[in-house]
Each structure stands twice: as structure tokens, then as C-alpha cells.
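Working notes, structure below.
The values are calculated or read from the model by the stated rules, or taken from the named source; none is laboratory data. Only a predicted model underlies this, so the values are computations on that prediction, with no experimental measurement involved. Because the Cβ atoms are built from the backbone with ideal geometry, glycine has one as well, and the counts that use them run over all protein chains shown.
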Amino acid sequence: MDKLAMVIMAAGIGSRYGGLKQMDPVGPNGEIIIDYSLYDAWRAGIEQVVFIIRPDLEQVFKERIGFEAEKHFKVSYVFQEIDSGLPSGFQVPVDRKKPWGTGQAVMLCQSAISGNFLVLNADDFYGYEAIKKLADYMRTVKDEPSYYNYALVAYRLGNTLSEHGHVARGICQLSPDGYLLDLRERTKVQKFPDGIKYTEDGQAWHRLSPDDLASMNIFGLTPSIFSELKARFHSFLTDPAIDLTRTEFYIPEVVGTLAREKKAKVRVLTTEERWFGVTYQEDRPWVQASLRQLIKEGKYPEKLWA
């Protein structure tokens, strides 16, 4: 069987955060969030890691993360740029300033991956249980003739929000037997004194429950996703209704669409793990305190890889 791989999406610019949040130390010995994801992946028996990065960050990324990762995994790099993987003849709009999002990022990994894989964000802390559950599941499945077999880990929405502004969250609808019926990316989800709400247009706000299940961009996929991403990226780029100067092509939207179309069965694995991430500068002390607490509870060693 092919090695189980993990794709880490680390090409984000971190515009709201004001810097390279993926490189910011949050652990007691200067660890960054990726270090904890790698440590959890190693404990979960994952053998290969693919980093999606910006080409201009290659050297600093390798020095800070890559060389250490190479001691524990087979490591590959994929570069995400605004013109990566575009259909021939397609012209990038003059006003488009950044790459096309997580769907483009995963699509570019096809040459680096031969078997089933996990995909997650570099700047999110998912917890060992989430990564282990997903890895164990993806070792056991393959696509069927009539559908693809994917999975995701869902967290309780109330456990995933920032106190410092709005966030994007993929809200899941499940079947009674635990498979995904629908996944909708809500790009502006925010906590208010009277509850959690989201808006699509900045005008009307719609309520969400703290117990709603949120996909945090941690997926288990098979190689069939690559042809789907390629076809749907082409449709996205040629859709006259889409504003190509700023709209992103999201992996949750593609997975959600495949579930709605019944082309994929997406197993939803739930976790009570604490998710945390650095969306805003002000989130950093909270992340640092959360990690200190996990170390105190014995979930992680004071010094990783020691």
C-alpha cells in the first residue's frame, strides 16, 4: 500500500495577521504551530509530508521547518503561485493580487502524492486525536466504483472562534449515519454578545449554533480529488458570475459539492479536541496559554522530538 501522506498548506500570506504567522513561535522553546502538527503526524504513523509554500519563502521555510521534518518524514515541496496550474490560454486578471486558494493549492500536489493523504492548514492546531483518527481512517479506505471515499474532522463551532474578529468556517450538515450531506463555506462568522452569526454580504446576519459542526480544513482524500479539482478549477475560472479579482477556489466547497452530487461519501469524524489558530495578532497569547496547558496535562513534551 502507498505511504500515507500529509499535505500542509503553508502558502498563506497572513494579511490580517500582519506577517508570517506560520513562523511565529508559540511553544515554550520557540515551537511554531506546524511543529506540533508534524509531531502529531509522526505519532500517528504518517510517513510523507508535502509542504505547499510560496517560492520566495523556500529557504527560510527549509531552515525553520523543512530540515527538521526531513529527519522524520519523506518531504516534498510544492510552490503555489498565482499562475500555477492555470488552464492554457487563461489570463490572470490584472487586479488579481494573490493565488487562488486552498483548492488550487491541493490540486498542485498531484505529482508529489501517489496514495491517500491528509490535508490541513499550517497555522491551525488540530490536536493529536484529530490527526490520528483521520490517519487511521484513510489507511482503511479506497474509492468504490460508484463513489469516492473521503473524510474530514469536524469540531464544535463554539470551540473554534476568535475573540478578535470574524473567521471563515465550513459548516457541515450530516446524515444520521455520520456522512456529509452538505458543506458550505461561511466566510464571515463572528461571536456577538447575543450569539454566533455569519454574513455573506455584510448586511444581513444569520444565526449559527455553538454546537454546529465546523470543518477546519482537515480532510482525508484519495488521489481521485486531483481530476475533480482540475475540472472544477477550470469551471470556476470560466464562470462569468465569479469575481476573479478576489474570489478564492476553496477545497471545502469542492468536497461539499461532491457530497451533494453523491459523487463522494465523506465520513465526518468528530472530535472534542480543542482547536486553536492564529487568525489575528491578538490570538497569539491565547494559543500560547492553550499549549502550556496541554503540556501541563502531559499531552505534549516540553520539548518536541527530545
(request) Report the residue count in region 60-103 for those that are part of a helix (DSSP H, G or I), of a type in the set (D, E, K, R) and either in contact (Cβ under 8 Å) with a residue 12 or more places away in the chain or surrounded by 13 or more Cβ atoms within 10 Å (Cβ to Cβ) (or both). (result) 3
(request) State the number of residues belonging to region 226-270 that are over 24 Å from Gly127 (Cβ atoms), out of contact with any Lys or Arg (no Cβ under 8 Å at 6 or more places or on another chain) and not charged (D, E, K, R). (result) 16
(request) Would you point out the residue of region 191-209, among those that are within 23 Å of the chain's Cα centre (by Cα) and surrounded by fewer than 17 Cβ atoms within 10 Å (Cβ to Cβ), that is nearest to Asn149 (Cα to Cα)? (result) Ser209
(message) What are the pairs with Cβ atoms under 6 angstrom where one residue, in region 184-207, is closer than 11 Å to Leu157 by Cβ and assigned to a loop (DSSP other than H, G, I, E, B) and the other, located anywhere, is of a type in the set (Val, Ile, Thr) and modelled with pLDDT of 90 or more? Sequence gap at least six, or different chains.
(response) none
(request) Sort through Tyr147, Tyr126, Tyr179, Tyr155 and tell me the only one that's more than 24 Å from Leu38 (Cβ to Cβ), among the hydroxyl-bearing types (Ser, Thr, Tyr) and crowded, with 16+ Cβ neighbours inside 10 Å. (result) Tyr147
(request) Could you tell me whether Leu108 is under 30 Å from Lys197 (Cα atoms) and at pLDDT 95 or above? (result) no
(request) Go through (1) among the polar types (S, T, N, Q); (2) closer than 18 Å to Thr270 by Cβ; (3) touching a residue at least 40 places away in the same chain (Cβ under 8 Å) one by one and return the number of the condition Ser175 breaks. (result) (3)
(request) Would you check if there is a residue in region 81-90 being within 19 Å of the chain's Cα centre (by Cα), within 27 Å of Val266 (Cα to Cα) and modelled with pLDDT of 90 or more? (result) no
(request) Just one of (1) under 30 Å from Pro223 (Cβ atoms); (2) of a type outside the set (S, T, N, Q); (3) modelled with pLDDT under 95 trips up Tyr17, so point out which. (result) (1)
(request) Kindly list the number of the only condition in (1) surrounded by fewer than 22 Cβ atoms within 10 Å (Cβ to Cβ); (2) touching a residue at least 60 places away in the same chain (Cβ under 8 Å) that fails for Ile218. (result) (1)
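Can you pull out every residue in region 223-248 that is out of contact with any strand residue (DSSP E or B) (no Cβ under 6 Å at 6 or more places or on another chain), surrounded by 13 or more Cβ atoms within 10 Å (Cβ to Cβ) and outside any helix (DSSP H, G or I)?
Once the filter is applied, which keeps residues that are out of contact with any strand residue (DSSP E or B) (no Cβ under 6 Å at 6 or more places or on another chain), surrounded by 13 or more Cβ atoms within 10 Å (Cβ to Cβ) and outside any helix (DSSP H, G or I), region 223-248 yields Pro223, Ile242, Leu244, Thr247, Glu248.
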(request) Read through the list (1) in a loop (DSSP other than H, G, I, E, B); (2) without any contact (Cβ under 8 Å) to a residue 24 or more places away in the chain; (3) touching a Phe, Trp or Tyr at 6+ places or on another chain (Cβ under 9 Å); (4) of a type outside the set (Lys, Arg), then give the number of the only condition that Gly298 fails. (result) (3)
(request) Could you grab me the full set of residues in region 256-282 that are of a type outside the set (Gly, Ala, Ser), in a strand (DSSP E or B) and modelled with pLDDT of 90 or more? (result) Lys265, Val266, Arg267, Val268, Leu269, Thr270
(message) Can you tell me how many residues within region 262-273 are under 20 Å from Pro210 (Cβ atoms) and surrounded by fewer than 17 Cβ atoms within 10 Å (Cβ to Cβ)?
(response) 2
